[in-house]
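**Student:** Would you mind keeping the following structure in view while I ask a few things?
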Amino acid sequence: MESDLKKTLNKNLVGQGLRNTSVDLSVLKYYKQYAKTYADIHNGIVVLSDLTANWSFTFMGAIAERLYLSSPNRKLEINSIWEDFLLARIHPEDLAVKHRLELQFLDMVKKVDLKERFQYQANSVLRVKGKDEKNMLMSHQIIYLDTSAKEFPQLALCCYTLLPETEDQQGNKNYIFNQVSGDVYLLNKQDVKDVMSAREREILHCVRGGMISKDIAEKLGLSVNTVNRHRQNILQKLRVRNLHEAISIYDKMYKQEDTSS
């Protein structure tokens, strides 16, 4: 099934019409530099495929070490639009889904207005065999690049970057993530709640109820200056411009706690 899908994709991507065209060399140079920069910054693997020449340029970030891709195997150029050295490591089920998605993606973008075609990308989550034959979770993105030519598509960009295992197992969406080691640092919700002091939260409760600084000062036994200082601290800590925005952020941060109190 996967092989048939790949053959269909190959036929659609490198048909005879495209073989009779070529990508402007200045455009190709620009996107090669972009691909290299992306791989370096995101520590991933980027494949720039020239569909008119059935040729690919690959750029390896630090993740290549975890895939056991030695320096000699990190070929810059491939005589194919397929990065078989990496596709061979993808779980068969995920690879079949990837190819089906790409076929659907190509068919879809061909039907939209030319100016809009380059606004779309297809995303897949793949299990990729790494060290000790263990699967790593990787994100795959494919986009078609604007070459200002009438023929479409001429260039495709595929980006592979590491995902944390928790992305798939626990659905955690808020984290700090090392793109090479895979280490994940989850959001500390208690730290978020501790951003504001109890007094600041109390004052913001009063502001939310429509009270002005003078009224708040009388209610809490504080000076007006102290109340105003707390109000200013609230704006700075929540990085907002006014108390209306502060209240909106406050409600999102403390909604659950306020409901139970």
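The values are calculated or read from the model by the stated rules, or taken from the named source; none is laboratory data. Because the structure is predicted, anything quoted here is derived from the model rather than measured. All Cβ positions, glycine included, derive from the backbone under ideal geometry; neighbour counts span all protein chains shown. Accessible surface is based on the protein model in full, side chains and every heavy atom, while ligands, DNA and RNA are left aside. Shrake-Rupley method; radii C 1.70, N 1.55, O 1.52, S 1.80 Å.
**Student:** Kindly indicate the residue of segment 134-167 that is polar (S, T, N, Q) and more than 15 Å from residue 28 (Cα to Cα) and also most open to solvent (accessible area, probe 1.4 Å) among those meeting that condition.
**Tutor:** Selected residue: 135.
**Student:** Continuing with the same structure: Looking only at segment 106-121, which residues are over 15 Å from residue 155 (Cβ atoms) and in a helix (DSSP H, G or I)?
**Tutor:** Of everything in segment 106-121, those that are over 15 Å from residue 155 (Cβ atoms) and in a helix (DSSP H, G or I) turn out to be 107, 108, 115, 116, 119.
**Student:** If you go through segment 203-243 one residue at a time, how many are loosely packed, with under 14 Cβ neighbours inside 10 Å and assigned to a loop (DSSP other than H, G, I, E, B)?
**Tutor:** Residues meeting the conditions: 8.
Every residue, every condition in (1) crowded, with 18+ Cβ neighbours inside 10 Å; (2) on the phi > 0 side of the Ramachandran plot; (3) at pLDDT 85 or above, yes or no:
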residue	(1), (2), (3)
76	no, no, no
81	yes, no, yes
84	no, no, yes
88	no, no, yes
91	no, no, yes
99	yes, no, yes
109	yes, no, yes
